[in-house]
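These notes are about the structure you will find just below.
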Amino acid sequence: MKTFCSAILLLTMVTVLRAEEPNTLPAKENFHLYLLVGQSNMAGRGTVGEEDRKPHARVFMFSKSQEWVPAVDPLHFDKPGIVGVGLGKTFGIDIAEANPDVTIGLIPCAVGGSPISTWESGGFHKQTNSHPWDDAMKRAHAAMERGTLKGILWHQGESDANASLAPVYKEKLHHLIARFRKELNASDVPFIAGQMGQFAERPWDEHRKLVDAAHQSLPNDVDHTAFASSDGLGHRGDEVHFNTAAYHELGHRYAKAYLSLTKKSLPQQ
């Protein structure tokens, strides 16, 4: 009964906020937007708990129907049957707490299983029958009508960690960042790349190490970029996706990397 009542209360809050959206959101310069892109570990596959369903007063998400609603997990909708907790909501709350005068808007666009080649104009991802790059650009431009883009969060690489794709991954990643910045008219917007899962049950081969090296070297190779480590984070049992606690921690690490890049810090607890 308690769970049912909580669900009704949340639904009511979402409905009210949708109806009042134009008056609820702040001025464009105070509505800071973050694009969430990549594959399944950005979309999130963690088990959703009660805490994950609680909205923060200043953290919103751009829904599948392109409405600004309170951010609750799951944020993404790439694979409705399995999508769950990701790193985005934790990141958003941390950034909101570090910037008490602004509201945070998360733009979920990740697509599970998508190689970096699908993150190009016209790129098609057969598994989800989607065009990751084209779809993300449409959503980003629509979202930016109400807010200002402040960062791009990227978690991807597993689908490229093989003999044919890994050798060209670094070049493609650099081109991807340049295209994001050009298309969104944000030449120096921070770009944060997260590290793939490091799980003892699935040792990395040379191809995975090559993709990881492209992520780790970004801060030295491309301006206004940062790297978030996955050291010590656990998986949910499939040796591919992080577990819920790991996603929360990864969200904190993305926020720390972003705030360090922008020379800000989280408030002391």
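The values are calculated or read from the model by the stated rules, or taken from the named source; none is laboratory data. Every value quoted in this text rests on a predicted model; they were computed, and no experiment measured them. Cβ atoms come from the backbone with ideal geometry, glycine included; neighbour counts cover every protein chain shown.
So is Asp78 crowded, with 23+ Cβ neighbours inside 10 Å and either farther than 23 Å from Ala245 by Cβ or over 13 Å from the mean Cα position of the chain (by Cα) (or both) or not? No, not satisfied. Evaluation of Ala200 against the conditions (1) within 21 Å of Thr90 (Cβ to Cβ); (2) among the small types (Gly, Ala, Ser); (3) free of Cβ contacts under 8 Å to residues at least 40 places away in the same chain shows that the sole unmet condition is (1). Applying the set (1) at pLDDT 95 or above; (2) more than 25 Å from His174 (Cα to Cα) to Gly112 leaves exactly one unmet item: (2). Taken together, Gly49, Gly112, Gly86 contain a single residue that is out of contact with any His (no Cβ under 8 Å at 6 or more places or on another chain), under 18 Å from Glu249 (Cβ atoms) and touching a residue at least 40 places away in the same chain (Cβ under 8 Å), which is Gly49.
For residues that are small (Gly, Ala, Ser) and free of Cβ contacts under 8 Å to residues at least 40 places away in the same chain, scanning just the range 203-233, find the one that is surrounded by the most Cβ atoms within 10 Å (Cβ to Cβ). Here the residue is Ala228.
For the range 147-169, the set of residues classified as within 17 Å of Glu206 (Cα to Cα), of a type in the set (A, V, I, L, M, F, W, C) and not in a helix (DSSP H, G or I) consists of Ala161, Ala163, Leu165, listed by residue number. Restricting attention to the range 174-190, does a residue exist that is under 21 Å from Phe242 (Cβ atoms) and in contact with a Phe, Trp or Tyr (Cβ under 9 Å, 6 or more places away or on another chain)? Among the residues of the range 174-190, not one is under 21 Å from Phe242 (Cβ atoms) and in contact with a Phe, Trp or Tyr (Cβ under 9 Å, 6 or more places away or on another chain), which makes the answer no. When the residues of the range 245-269 are narrowed to those that are among the hydroxyl-bearing types (Ser, Thr, Tyr) and surrounded by fewer than 21 Cβ atoms within 10 Å (Cβ to Cβ), which ends up modelled with the lowest pLDDT? Of everything passing the filter in the range 245-269, Ser265 is modelled with the lowest pLDDT.
Scanning the range 156-197 for residues that are touching a residue at least 24 places away in the same chain (Cβ under 8 Å) and either within 24 Å of Glu67 (Cα to Cα) or among the acidic types (Asp, Glu) (or both) gives Glu158, Asp160, Phe180, Glu183, Leu184, Ala186, Asp188, Val189. Of everything in the range 180-195 that is in contact with a strand residue (DSSP E or B) (Cβ under 8 Å, 6 or more places away or on another chain) and part of a loop (DSSP other than H, G, I, E, B), the residue that is nearest to Gly251 (Cα to Cα) is Gln195. Scanning the range 21-46 for residues that are in a helix (DSSP H, G or I) and either in contact (Cβ under 8 Å) with a residue 24 or more places away in the chain or closer than 14 Å to Met61 by Cβ (or both) returns Glu21, Thr24, Lys28, Glu29, Asn30, Ser40, Asn41, Met42, Ala43. Applying the set (1) buried (at least 21 other Cβ atoms within 10 Å of the Cβ); (2) touching a residue at least 60 places away in the same chain (Cβ under 8 Å); (3) of a type outside the set (Asp, Glu) to Trp133 leaves exactly one unmet item: (2). In the range 101-115, the residue that is surrounded by the fewest Cβ atoms within 10 Å (Cβ to Cβ) out of those that are of a type in the set (Val, Ile, Thr) and part of a loop (DSSP other than H, G, I, E, B) is Val102.
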